[in-house]
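The values are calculated or read from the model by the stated rules, or taken from the named source; none is laboratory data. Every value quoted in this text rests on a predicted model; they were computed, and no experiment measured them. Quick reminder, even Gly has a Cβ in these numbers, built from the backbone with ideal geometry, and neighbours come from all protein chains shown. Protein only, heavy atoms only, side chains kept; ligands, DNA and RNA dropped before computing areas. Shrake-Rupley method; radii C 1.70, N 1.55, O 1.52, S 1.80 Å.
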Amino acid sequence: MTTPHTIAVLGLGRMGAALATRLTTQGRDVVGWTRSGRTSGDFDTTSDPNDAVAKADVVLLALFDGPACRQVLDTVRDSLRADTIVLNTSTIAPAEAARLARRLGPSYIHAPVLGSVPAVAAGALQILAAGSQDTLDRVRPVLETLGTVRLVDGAATAAALKLIANNSLAGAVLALRDALRQADALGLSRSQALDVLELGQLGGLVVRKRPFLDSESPAGTADFTIGALAKDMTLLADASDTPLRSAAGLGDTSAGPEADIAVAATDPAVGDAVLEPLRAYVRGHATGDPAHFRAAFLPTAHIEGIQDGAFMSWPLDEYCALFPGRPAPDEPTRSRRIDAVDVHRTVATATMTLRHGADTFTDIFLLIRSDGGWRIANKAYHRLR
């Protein structure tokens, strides 16, 4: 087995630059290239990727997405030697990874990594590597410089596993967001909440990202950006053809795409404006006064569901006529809870649970924001008796 000597790193963003630096500090001969022309780092760079590739035993890709990988490989195709290994650490769709593996054959290793910039510097990445055994044996010394190699059967599988891993990270970020929002609502200080969250299941994330979480003005350089994680969640949703809440949750974060993923956890809760029509709806049930429903709904709204096995659709006037203007006799035992509100600029969805005697209702709302504020456009419900 011959150990590769010269490594061309194509793509010098946060991860690419960190990979090139790690390889250089471990005695590898590295030449880097990036489309942006970035030249910083303790390694040689070139303005022409073909120059880097022509000298390389290994071409390491650290690019943003599949289209970037295809474009760069098209550019350097004629400079790739027959024995050059293409080592792709980029996070791309499973189908894209499979296409690249078919195109490049046994010289291609798909090796997405788990871990961000600090893990690169420590040589502590978890590397999901897929490719022919002979090529894997040749490139293993390079991979082990970066972290622990975990062999995976097939490029598409490696790409899919990376997306699944990032989905768990996105879920943790959104769970942390929920926890911090509830802490704010309960009047707890941010530092007090974070101190306790460090002790629980989110502790590892909180410890690593504490500088971004302690204040409203996060400090530090992003290790993994919101934009990159949102891209990965979109890839996963598209590849699985399955709804993915984290894709929408990250996409609607108020922080810019270049902010660290932890900043997404500090997004404030939805404002009172979008909650007001829902609270008016609750007041309508609590008092029996239809005026609250008229304040909550648009005049064109419909309330729809299954009633005694039949589909029912009430215009707002007919729905309001169901209420006598006084509370129900068992009102003290009834309860209502807003479960979720998702705001997408000028539209929102909300879910509410109502327990009215022997009946439990799940209400689903579509809300619209106009010049007059938020109103409920329509409601659908399920009744469990």
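A few remarks follow.
- FRET efficiency for T333 and T300, using Cβ-Cβ distance with R0 set to 56 Å, rounded to 0.05: 0.95
- Restricting the calculation to Cα atoms, segment 245-385 yields a radius of gyration followed by a Dmax of 16.8, 55 Å.
- To put it simply, the accessible area of the chain at a 1.4 Å probe is 53 percent carbon and sulfur.
- Size of electric dipole in segment 67-134: Cβ of Lys, Arg +1 and of Asp, Glu -1, about Cα centre, debye, nearest 20: 160
- Dipole magnitude of segment 251-362, debye to nearest 20 (Cβ charges: Lys/Arg +1, Asp/Glu -1, about Cα centre): 400
- Cα gyration tensor shape for segment 3-96, rounded if a/c is under 1.5, else prolate or oblate: rounded
- Kirkwood Rh in Å, taken over segment 308-383 so that all alpha-carbon pairs contribute: 14.3
- Listed residues T135, L125, H110: farthest to the positive end of the dipole of segment 67-166 (Cβ charges): H110
- Quarter of Cα convex hull surface for the chain, i.e. mean projection, nm²: 23.7
- Straight-line reach from K162: taking Cα to Cα under 25 Å and skipping same-chain neighbours fewer than 8 places apart, the lysines in range are K209, K231.
- Shape category assigned to segment 208-285 from the gyration tensor of Cα positions, a/c cut at 1.5: oblate
- Entry comment: accessible area of the chain is 48 Å² per residue, from protein heavy atoms only and a probe of 1.4 Å.
- Compactness of segment 42-158 as Cα Rg over 2.2 N^0.38 Å, two decimals: 1.00
- Charge dipole (the chain, unit charges on Cβ, about Cα centre) - positive-most of Q182, A358, L73: A358
- Excluding same-chain neighbours fewer than eight residues apart, the aspartates and glutamates reachable from K379 by a Cα-Cα span under 16 Å are E276, E304, D317, E318, D339, D342, D363.
- For W314, the shell of other residues with beta-carbons less than 15 Å away shows a net charge of -2, using +1 for Lys and Arg and -1 for Asp and Glu.
- Solution diffusion estimate, µm²/s, Stokes-Einstein, segment 103-220, Kirkwood Rh from C-alpha pairs, 25 °C, viscosity 0.890 mPa s: 148
- Anchor K55: aspartates and glutamates whose Cα lies under 14 Å away (excluding residues fewer than 8 positions away in-chain): D29, D44, D78, D83
- Charge tally in the Cβ shell below 10 Å around T351, where Lys, Arg are +1 and Asp, Glu are -1, T351 excluded: -2
- Positive-end residue of G271, A62, V86, charge dipole of the chain with Cβ unit charges: G271
- Assigned charges on the beta-carbon of Lys, Arg, Asp, Glu; the chain dipole about Cα centre (debye): 220
- Helix 155-185 vs. the chain, principal-axis angle (Cα, 0 to 90°, nearest 10): 40
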